[in-house]
Amino acid sequence: MSDPIITFDHVVKEFRTRGRGANIARAVDDVSLTIDRGDIFGIIGYSGAGKSTLVRLINALERPTSGTVTVLGTDITSLSETKLRPIRQKIGMIFQQFNLFSTKTVAQNIAYPLQLDHWRKDYQDRRVNELLEFVGLSEHANKYPSQLSGGQKQRVGIARALATNPEILLADEATSALDPETTTEVLALLKRVNEEFGITIVLITHQMNVVQQIAGRVAVMSAGRVVESGDVYDVFAAPQQPVTKRFIATALSGLPEEDRVERLHHEWSGRIVTVLIRQKDVSGTQGHELKASGQNISELIAKYGVESSLLYGGIDTVKGAAIGAITYEFNGPGWHVDEFLRELAVNSDVIDFGTAAKPVAYADAVAGHATYAEDRSHDPLAADTASASTAPGVSAAAHEGDNA
Ligand SMILES: Nc1ncnc2c1ncn2[C@@H]1O[C@H](COP(=O)(O)OP(=O)(O)OP(=O)(O)O)[C@@H](O)[C@H]1O
């Protein structure tokens, strides 16, 4: 059962910009979005997409120009500062630059919100010790932020944000200043925060691999709007919008680029074929449904006895299920490889790049696959690959008898 903890209803946020001929910048443009209690909800977008503004609307650091924001069951759109206080106490926040007091020790930084909340000193000490232990920094209690690594600073930030037992944690680019390894550690800690305390986490990021690692649901923002949202696996497996596809390409490996396919044709004379891997069906964002793919390749290779070489690929895990692409060279009599590919294409998404002697143009090959090709002709970054679309699946007939 879904249990909304944050709801945006047709929210618009405009800023008056200074300078000659004062203009209005619409940072958030008609956003309607529901975040359920207990979720880790990723909000992804490029710089300037409106993510920070959206998050600042959750703790009423910004007020909507129109529309309503409901948090923890209360419409906070025009709530007074006094009435906001108890709601803000239920919201913790962590930042890209950690925002720690440089003149306070780790323990003092964590105790700060408790002091503001007038906790008794012995309760403060106990809570700080608990939190230090939870984030693994007990030995560093008396150090100053300058003596800590970036990952340790963010752990202090997390402990401080948790001090007063919030129900929501807002993380604004919380791992953007960290290296990949430290990012993974901090994300693992955030996952524990979510699982052990049931805290809802809203994760603002421009890094899709952050969403991939811990989010359950994701909204993609572009120019103030939410252009796509849904279950993370579904969005990764069947991205609809060009901007989403670009983000996913940064997180998932596997689909070979055009120059790589050219190189493969140069090195291998057989049929170069990429098979998309989806371990489970996609229930579909915006009604777009996709079946699992690539689950019976080995079986079919064995059944047809085609010669195969694994050339390139990458399989990642998104929400515990595999996703990716594998590129093979298949060899054998052309008609036989065609038959094999036809059966493979029944239950798999197959991108057929042809043989070195008779290659399929890259754009035509990927256009033959609905998920990756559908919108590419409208995608400015993929403009070169725009082409006439062919039917999904294998353009096998064109290759009858091609393979040696
Ligand atoms: N206080 C403000 N006054 C004027 N314009 C603003 C203000 N805050 C944000 N904007 C504008 O609103 C748009 C969205 O900004 P926002 O910071 O929300 O985006 P973002 O996706 O978080 O990007 P970034 O990661 O760069 O912060 C930008 O064009 C920004 O210049």
Those residues of region 200-240 which are among the small types (Gly, Ala, Ser) and within 15 Å of Phe41 (Cβ to Cβ), in sequence order
Ala215, Gly216, Ala219, Ser229, Gly230
Exactly one of Asp3, Asp9 is surrounded by fewer than 13 Cβ atoms within 10 Å (Cβ to Cβ), more than 16 Å from the ligand (Cβ to nearest atom), not assigned by TED's automatic domain parsing to the domain that holds Val210 and not aromatic (Phe, Trp, Tyr), and that one is Asp3
Looking at (1) within 12 Å of the ligand (Cβ to nearest atom); (2) open to solvent by less than 20 Å² (accessible area, probe 1.4 Å); (3) of a type in the set (A, V, I, L, M), which is the only condition Ile24 fails?
(2)
Restricting the search to region 40-61, which residues are open to solvent by 30 Å² or more (accessible area, probe 1.4 Å) and either at pLDDT 95 or above or not aromatic (Phe, Trp, Tyr) (or both)?
Ser47, Gly48, Ser52, Arg56, Leu61
Given Gly224, Gly270, Gly216, which one is more than 17 Å from the chain's Cα centre (by Cα) and assigned by TED's automatic domain parsing to the domain that holds Glu173?
Gly224
Please indicate, with yes or no, whether at least one residue in region 66-77 is of a type outside the set (Gly, Ala, Ser), farther than 18 Å from Thr34 by Cβ and out of contact with any strand residue (DSSP E or B) (no Cβ under 7 Å at 6 or more places or on another chain).
no
List the residue pairs whose Cβ atoms are under 6 Å apart, where the first residue sits in region 181-196 and is of a type in the set (Asp, Glu), the second is buried (at least 17 other Cβ atoms within 10 Å of the Cβ), and the two are 6 or more positions apart or on different chains.
Glu185/Gly151
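Being open to solvent by 10 Å² or more (accessible area, probe 1.4 Å) and touching a residue at least 12 places away in the same chain (Cβ under 8 Å): is that true of Thr82 here?
Criteria not met by Thr82.
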Might you let me know whether region 51-58 holds any residue that is away from the ligand (no atom under 15 Å from the Cβ), more than 28 Å from Glu196 (Cβ to Cβ) and among the hydroxyl-bearing types (Ser, Thr, Tyr)?
no
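Within region 62-73, which residues are buried (at least 18 other Cβ atoms within 10 Å of the Cβ) and either of a type in the set (S, T, N, Q) or near the ligand (Cβ under 9 Å from one of its atoms) (or both)?
Across region 62-73, the qualifying residue is only Glu62.
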With the first residue restricted to region 344-362 and required to be touching a residue at least 40 places away in the same chain (Cβ under 8 Å), and the second required to be open to solvent by 40 Å² or more (accessible area, probe 1.4 Å) and of a type in the set (Gly, Ala, Ser), Cβ contacts under 6 Å at 6 or more apart or on different chains are Asp352/Ser395; Ala356/Ser269
Can you tell me which residue is most open to solvent (accessible area, probe 1.4 Å) among those in region 109-142 that are within 18 Å of Leu190 (Cβ to Cβ) and in a loop (DSSP other than H, G, I, E, B)?
Gly136
Could you tell me whether Arg88 is among the basic types (Lys, Arg), farther than 30 Å from Ala249 by Cα, touching a residue at least 12 places away in the same chain (Cβ under 8 Å) and within 14 Å of the ligand (Cβ to nearest atom)?
no
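The values are calculated or read from the model by the stated rules, or taken from the named source; none is laboratory data. Just so it is clear, the structure is predicted and the values come from calculations on it, not from any experiment. Cβ: placed from backbone, ideal geometry, glycine included. Neighbour counts: every protein chain shown. Surface areas here come from the heavy atoms of the whole protein model, side chains and all, with no ligands, DNA or RNA. Shrake-Rupley method; radii C 1.70, N 1.55, O 1.52, S 1.80 Å.
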